[in-house]
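Here is the structure we will look at, set down as structure tokens.
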Amino acid sequence: MNSIISLRNINYSYEKKTILHHINFEIPRGAFVGLLGPNGGGKTTLIKIILGISKPDSGSLTLFDKPLEEFKDWNKIGFVSQKSNSFNKGFPASVYEVVSSGLTSKVGYFKFFNQKHKEKILQAIDAVGMSDYTYENIGNLSGGQQQRVFIARALVSEPELLILDEPTVGVDYENVQRFYELLHDLNKQNGITLLLVTHDTGTMTKYATNIACLNKTLHFHGKPEEFENLTEKEMSKLYGHDVNIISHDH
């Protein structure tokens, strides 16, 4: 199995407005894909289709070589959304409790965790470098630390694919760089396939193995070095407006 995600001729519209047009897209096992594009370009909609939340008007989607309608093993897929849209900072829960909630689909509600489950929770927390904060209230953590916890929550079910929808919104620059380094390690050392929706073109060319640029249709899909060689005129065409390319030192 070479492709974890395969989309063929995906079309989606909302209130007669085209959101996605003729999308053909594959993500190979072990890839770190940066999905770029302007606001309103259809990135989040594409993620919702992959997660089975939204249904395309036409086209086909396979996950782990199974058609979407036959795919049942959702524990293979972890998802991290924008923290600002999904988390109540006043919620009274420790890091351990937040991460343990990622096992609910496996263990079930109102059931006790056994020793194996507890070890998995601690391992997930350790994997994101947050062991020192295991029993800290999550509301006391910085934005970057909270996002590490949310990744641990996604990791605790041992997914093979991790999808992140603009997870660094509201996180300061220094913590964003640490965050990307964590993702890089999860990809290279743990072998987790990553699909990251972001606006950070410069950082993606440093860490990603593949870049895709979506603006209703897939305008570009290739290697980071190919993306870096695009002219500003070509980039402006992809985004539908003028683009200033900011480079990051590799």
- request: Evaluate the following for Pro159: is it closer than 23 Å to Lys48 by Cα, at pLDDT 90 or above, assigned to a loop (DSSP other than H, G, I, E, B) and not charged (D, E, K, R)?
  value: yes
query: Looking at region 8-29, which of the residues that are assigned to a strand (DSSP E or B) and over 21 Å from the mean Cα position of the chain (by Cα) is surrounded by the fewest Cβ atoms within 10 Å (Cβ to Cβ)?
result: Lys17
query: Is there a residue being closer than 30 Å to Lys76 by Cβ, of a type outside the set (Lys, Arg), at pLDDT below 90 and out of contact with any Lys or Arg (no Cβ under 9 Å at 6 or more places or on another chain) anywhere in region 231-241?
result: no
task: Could you please tell me which pairs satisfy a Cβ distance under 7 Å, a separation of 6+ or placement on different chains, a first residue in region 39-64 that is under 11 Å from Ile163 (Cβ atoms), and a second residue that is loosely packed, with under 15 Cβ neighbours inside 10 Å and at pLDDT 95 or above?
output: none
Inter-residue pairs, beta-carbon under 7 Å, first at pLDDT 85 or above and in region 77-106, second part of a loop (DSSP other than H, G, I, E, B) and β-branched (Val, Ile, Thr), 6+ apart: Val95/Thr134; Tyr96/Thr134; Val99/Val156; Gly102/Val156; Leu103/Val156
query: Tally time: how many residues in region 1-39 are of a type in the set (Val, Ile, Thr) and over 19 Å from His219 (Cβ atoms)?
result: 1
field: region 28-42, residues that are aliphatic (A, V, I, L, M) and either over 9 Å from Leu194 (Cβ atoms) or modelled with pLDDT under 95 (or both)
entry: Leu35, Leu36
- request: Scan region 35-71 for residues that are in a loop (DSSP other than H, G, I, E, B) and touching a Lys or Arg at 6+ places or on another chain (Cβ under 8 Å) and jot them down.
  value: Gly37, Gly41, Gly42, Ser54, Phe64
message: I need the strands (runs of 3 or more DSSP E) fully contained in region 165-229, keeping only those with at least 3 residues that are crowded, with 20+ Cβ neighbours inside 10 Å.
response: 193-197, 210-215
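The values are calculated or read from the model by the stated rules, or taken from the named source; none is laboratory data. Bear in mind the structure is a predicted one, so any value in this text is a computation, not a measurement. With ideal geometry, Cβ positions are generated from the backbone for all residues, glycine too; neighbour counts draw on all protein chains shown.
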